[in-house]
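Below is one structure, written out as structure tokens, with a few remarks after it.
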Amino acid sequence: MATLKEIAQRTGYSPATISRILSGDPQLSVTPEARRKVLEEAGRLNYTQTKSRRGRTPKGVLRVGIAEMLSPVQQLDDPYYLYLSGFVRQRCLDKRYTAVALENRGSEFVVPTGGEKLDGIVAIGLFEPDQIRSLAGLCPNLVFVDSSPRESQHDSVVLNYSLGISLALEHLEKLGHRKIGFIGPEWKYDDLRQRALETRRKLFVEQMEHRGALRTEWLLDCPMQTDEAAMAVEQFLARGGDRPTAFIAANEEVAIGAVRAMRELNISVPEQISVVSFNNTPRSALLDPPLTSISAHVEQMAATALDLLRTRVPLPGREAERTLPLKVVVPPTMIERKSTTTPRDFVQDSKE
């Protein structure tokens, strides 16, 4: 993984400033351009180190359209998608594919003026039905990443969220936690951008109910953004009363906001409350404390998407390797760092 020092050398910012940018310090005045530069360098360093171990194996030249749910500015509020997009582009470079950024015009996507025919499209995020039809009209060889809206027609790469929640709970229970809460929105969108229960929270509720350990007052409802999560955690903790010894956060932004709020209230992480994050982007290891995370393997998701795309492209003198659409469900893994530890009451019980 990249270090603060390495990012400092590439960006010209001090390690202290980089740390504050990565943690979303609200007291730091920084331009969107500076924030993007730091986030992208963290991802680029991580990708370069990984690729140097595997070597490069260019497969041939394809023109790949890249459709993104979020704008560049919106990605700064959820860098998970920034990293997914970055890894897709890096993978295209490794394969000697031409990456073409498609223009999002609301209900439709278009190829930039003068663009040639596309061999395939990687669509990152959630899209409305009109947008999906527009993308399919540009090129029927579509691969969705982080959603699976038309499984009978198009390839997709998604994360096994059920396994991710299971891994997080098993990790915390192994440490001795029994009082576990969740931070994140109750409602979000399904794969066709229709209002639906948020997947991670829904799975958390189901698995905690199965254990007979669900406490609904420990479900903190907030958007998946740093400032909103910090406010929700601060308000919850300020009320006093019984509180969990650990929280699972819906994503990295929520985890960062939760840790910030706890620190402002002089609650130490992980000694008093442990925090498990979701996604494990390159910055998870650079935060203080480094976040224990459920890794979505964003680089592998990007690589898998392009591998799926290639096998459905007919090349000169050769038919496509397959016509049947595939859905790849990536199993997440638990990355243990320093934001989780044994709860204090568990230690005391053990000594008795």
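Every number here is computed from the coordinates shown, using simple stated rules; none is lab data. Note that the coordinates shown come from a computational prediction; the quantities given were computed from them, not determined experimentally. Glycine also receives a Cβ, built like all others from the backbone with ideal geometry; neighbour counts cover every protein chain displayed.
How big is the charge dipole of the range 242-341 about its Cα centre, in debye rounded to the nearest 20, if each Lys and Arg gets +1 on its Cβ and each Asp and Glu gets -1 on its Cβ?
Around 260 debye, computed over the range 242-341.
Measure up 95/327; 117/188; 179/338; 179/202; 188/327 against 26 Å on the Cα-Cα distance and list the ones that go over.
Numbers: 95/327 22 Å; 117/188 35 Å; 179/338 19 Å; 179/202 18 Å; 188/327 22 Å.
In this structure, 117/188 exceed 26 Å between Cα atoms.
Counting only C-alpha contacts under 8 Å and six or more residues apart, can you give the relative contact order of the range 117-227 as a whole percent?
Rounded, it is 23 percent for the range 117-227.
Report ³J(HN,Hα) in whole Hz for each residue of the range 133-142, in order, from the Karplus equation J = 6.51 cos²θ - 1.76 cosθ + 1.60 where θ = phi - 60°; Gly and Pro get x.
Residue by residue, the range 133-142 yields 5, 5, 5, 5, x, 6, 6, x, 7, 10 Hz.
Taking amide hydrogens as modeled 1.01 Å from N in the peptide plane, which residues meet the under 5 Å criterion relative to residue 196, leaving out close sequence neighbours?
Under 5 Å from the amide H of residue 196 lie the amide H atoms of 188, 189, 190, each far enough along the sequence or on another chain.
Once amide H atoms are built 1.01 Å from N in the peptide plane, which residues 5 or more positions from residue 98, or in another chain, come under 5 Å H to H?
Hits under the 5 Å cutoff: 62, 63, 64.
Read phi for every residue in the range 245-258 and hand back ³J(HN,Hα) as whole Hz from Karplus 6.51 cos²θ - 1.76 cosθ + 1.60, θ = phi - 60°, with x for Gly and Pro.
Residue by residue, the range 245-258 yields 8, 7, 10, 9, 9, 5, 7, 5, 4, 5, 4, 4, x, 5 Hz.
How many angstrom separate the Cα center of the range 1-46 from the Cα center of the range 115-182?
27 Å
About its Cα centre, how strong a charge dipole does the chain have in debye, to the nearest 20, once Lys and Arg get +1 and Asp and Glu get -1 at the Cβ?
Roughly 1180 debye for the chain.
Give the label of the value calculated from the structure for Rg and Dmax of the Cα atoms in Å, choosing from (1) 24.3, 79; (2) 21.1, 75; (3) 25.9, 84.
The value matching this structure is (2).
Check residue 328: other-chain or 5+ apart residues with amide H under 5 Å from its amide H, H built from backbone geometry?
156, 157, 158
What list do you get for 116, 253 if you sort them by fewest beta carbons within 10 Å?
Neighbour counts put them in this order, fewest first: 116, 253.
Can you give the FRET efficiency to the nearest 0.05 for residue 235 and residue 319, using r as the Cβ-Cβ distance and R₀ = 45 Å?
For R0 = 45 Å, the calculated efficiency reads 0.15.
If you keep only loop residues by DSSP, which GluC sites (Glu not before Pro) in the range 170-225 have at most 15 other Cβ atoms within 10 Å of their Cβ?
Sites meeting the loop and neighbour criteria: 186.
Which loop trypsin sites (Lys or Arg not before Pro) in the range 92-172, with loop taken from DSSP, have no more than 14 other Cβ atoms within 10 angstrom of their Cβ? Let's see the in-between values first.
Working: sites: 95, 96, 105, 117, 133, 150; in loops: 96, 105, 117, 150.
Here the trypsin sites (Lys or Arg not before Pro) that fit, given the DSSP loop and packing criteria, are 96, 105, 117.
For the range 218-230, take each phi angle, set θ = phi - 60°, evaluate the Karplus expression 6.51 cos²θ - 1.76 cosθ + 1.60, and give the result in whole Hz per residue in order, putting x for glycine and proline.
9, 9, 8, 8, 7, x, 8, 9, 4, 5, 5, 5, 4
As I understand it, the value is the acute angle between the Cα axis of helix 161-175 and the longest principal axis of the Cα atoms of the chain; what does it come to in degrees, rounded to 10?
30 degrees
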